[in-house]
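Note sheet for the following structure.
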Amino acid sequence: MVTDPKVYVVEDDPGVCDCLRHLLGSVNIPVETYARAEHFLETQNGGRAGCVVADVCLPGMSGFDLQHALARRNIRLPIIMITGYGDVPAAVRAMKAGAIDFIEKPFSGQLLLDSIAYALKVDGQVRSAEAQREQLGARFARLTPRERQVMDLVVAGRTNRSIASEFGVSEKTVEIHRGQVMTKMKAAGLAELVRMAAVLERAED
């Protein structure tokens, strides 16, 4: 079950945590803070929406270690890395590993809020696309093997007559299968069915 989006701050400096709680609270963004990456990972099951703001240097597991641990678990929360010193190689490393942003302390509150707003937007878009794929996958699973074959040929541009000839059935039978496909997939027309097929194909890649 996906929860409402939150910002998960992983930072061992209590002063920074207090600052971020106040900053995010001022714009009504829920926040949870963790002093260690290990503690944050214990709470993660893939169903929590939002983004992570993590310090690069943490006791025990570092911000980079956290980034890789989330990736291994296929938890795709956007990550904003923060650091107390200018470190270009660290910034490059974080961005290459998929971080949304890399911000140096002391940072502007507005700069961080802008970065968080972008991260939350990205997370929302990703989760919306995943929900759509799951919904379409559930509809596709209701199709019979023959209906799936008909759907594949229909979205490939084949006519009812051509499909009927390939399967050795009447055009009327193909029309019935095609109608069932449209009904079960809840497609308003051929163009929408083609878009659905494209989404399902990407989900398999």
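Computed values, structure above
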quantity	calculated
Selection within the range 1-14 - over 13 Å from VAL53 (Cα atoms), free of Cβ contacts under 8 Å to residues at least 60 places away in the same chain and within 23 Å of the chain's Cα centre (by Cα)	MET1, THR3, ASP4
In the range 143-165, residue farthest from the chain's Cα centre (by Cα) [restricted to those that are surrounded by 12 or more Cβ atoms within 10 Å (Cβ to Cβ) and of a type in the set (D, E, K, R)]	ARG158
Within the range 24-50, considering residues that are surrounded by 15 or more Cβ atoms within 10 Å (Cβ to Cβ) and among the β-branched types (Val, Ile, Thr), the one farthest from ILE75 (Cα to Cα)	ILE29
Criterion: out of contact with any Pro (no Cβ under 7 Å at 6 or more places or on another chain), among the aromatic types (Phe, Trp, Tyr) and closer than 18 Å to ARG127 by Cβ - qualifying residue of TYR34, TYR8	TYR8
Which numbered condition ALA90 fails, given (1) surrounded by fewer than 16 Cβ atoms within 10 Å (Cβ to Cβ); (2) closer than 30 Å to ASP13 by Cβ	(1)
Enumeration of residues in the range 123-175 that are in contact with a Lys or Arg (Cβ under 7 Å, 6 or more places away or on another chain), within 30 Å of ARG76 (Cα to Cα) and among the aliphatic types (A, V, I, L, M)	VAL126
Single unsatisfied condition, PHE40 versus (1) among the aromatic types (Phe, Trp, Tyr); (2) outside any loop (DSSP other than H, G, I, E, B); (3) at pLDDT below 90	(3)
Cross-chain or 6+ apart pairs with Cβ under 7 Å, the range 166-184 first and farther than 16 Å from PRO145 by Cβ, then surrounded by 12 or more Cβ atoms within 10 Å (Cβ to Cβ)	SER170/ALA164; GLU171/ASN160; GLU171/ALA164; GLU175/ASN160; MET182/LEU193
Only listed residue being more than 22 Å from ALA129 (Cβ to Cβ) and assigned by TED's automatic domain parsing to the domain that holds LEU153, chosen from LYS172, LYS186	LYS172
Any helices (runs of 4 or more DSSP H) falling wholly within the range 99-175 and containing at least 3 residues that are out of contact with any strand residue (DSSP E or B) (no Cβ under 8 Å at 6 or more places or on another chain) and either aliphatic (A, V, I, L, M) or closer than 17 Å to ALA49 by Cβ (or both)	109-141, 145-155
Any chance VAL154 is without any contact (Cβ under 8 Å) to a residue 40 or more places away in the chain and closer than 30 Å to VAL126 by Cβ	yes
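Yes/no per residue for (1) of a type in the set (Gly, Ala, Ser); (2) within 23 Å of the chain's Cα centre (by Cα); (3) surrounded by 15 or more Cβ atoms within 10 Å (Cβ to Cβ):
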residue	(1), (2), (3)
VAL16	no, no, yes
HIS22	no, no, no
VAL52	no, yes, yes
LEU58	no, no, yes
HIS68	no, yes, no
SER108	yes, no, no
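The values are calculated or read from the model by the stated rules, or taken from the named source; none is laboratory data. Everything numeric here is computed off the predicted structure, so don't read it as measured data. Note that we place each Cβ from the backbone using ideal geometry, even for glycine, and neighbour counts take in every protein chain shown.
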